[in-house]
Amino acid sequence: MAETSLALRRSYAQLFAQAALTAVETETDDLSPASSTNVFERESCRAYSLHSQVPTQLHPVMALVVLGIYEYCQRGNISRMRARGNQAITTAMDISLHRLDSTTTDYSEAQRRAWWMTIWVSYLSHQLFLWMTHE
C-alpha cells in the first residue's frame, strides 16, 4: 500500500511539474524584451499575484527555480536542474532583473530576491554537477 501511495504521489508531482513548465512557457512567450522596460511599473502587475509586492512577471522565474530544485530533490536529475536554472537566468535577464539600480519601487525587494535566488540555484546546480563528475 505504501509503495502504491508513493507512486501515486510521484505521478501527481510530475503532472504538476509538467503543468507548471507549460504555464512558464506560456507566460514567458508573453514577456517580450521590448515590453519589459517598465514591466514592473504597470498596474496589471497586481492582478493574480502570489503576493501584493511580487509582480506577476516574476512568476516564471520563480517557477523555474522551484522546478529546478524539484528536478534534483525529487528526481535526482542534475542536468535538468541546470537546464531549469539556466532558463530561469535567461528569463530573469529578459525582464532586466540583472540591471536593477538603487531606485526603490514597490517591487524592488521581490526583484532582488528573485534575481539572487536564481543565481544561487544556478550556482548550486553547477556545483552539484562538478561534484558528480569528480566522483
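The values are calculated or read from the model by the stated rules, or taken from the named source; none is laboratory data. Keep in mind the model is a prediction, meaning the values are calculated, not measured. Please note: Cβ atoms are built from the backbone with ideal geometry, for glycine as well, and neighbour counts cover all protein chains shown.
Please tell me if residue 13 is surrounded by fewer than 16 Cβ atoms within 10 Å (Cβ to Cβ) and modelled with pLDDT of 90 or more. Break it down into steps so the answer makes sense when it comes.
Numbers: surrounded by fewer than 16 Cβ atoms within 10 Å (Cβ to Cβ): yes; modelled with pLDDT of 90 or more: yes.
Judged against the criteria, residue 13 is a match.
Which condition breaks for residue 74 when tested against (1) closer than 17 Å to residue 15 by Cα; (2) in contact with a Gly (Cβ under 9 Å, 6 or more places away or on another chain)?
Among (1) closer than 17 Å to residue 15 by Cα; (2) in contact with a Gly (Cβ under 9 Å, 6 or more places away or on another chain), the lone unmet condition for residue 74 is (2).
If residue 110 satisfies all but one of (1) part of a loop (DSSP other than H, G, I, E, B); (2) in contact with a Pro (Cβ under 8 Å, 6 or more places away or on another chain), what's the number of the condition it fails?
In the conditions (1) part of a loop (DSSP other than H, G, I, E, B); (2) in contact with a Pro (Cβ under 8 Å, 6 or more places away or on another chain), residue 110 misses (1) alone.
Considering each residue of region 75-116, count those that are among the aliphatic types (A, V, I, L, M), out of contact with any Lys or Arg (no Cβ under 8 Å at 6 or more places or on another chain), closer than 19 Å to residue 54 by Cβ and surrounded by fewer than 17 Cβ atoms within 10 Å (Cβ to Cβ), and give that number.
1
So which residues in region 80-122 are farther than 19 Å from residue 28 by Cα, over 12 Å from the mean Cα position of the chain (by Cα) and either β-branched (Val, Ile, Thr) or at pLDDT 95 or above (or both)?
The answer is 103, 104, 105.
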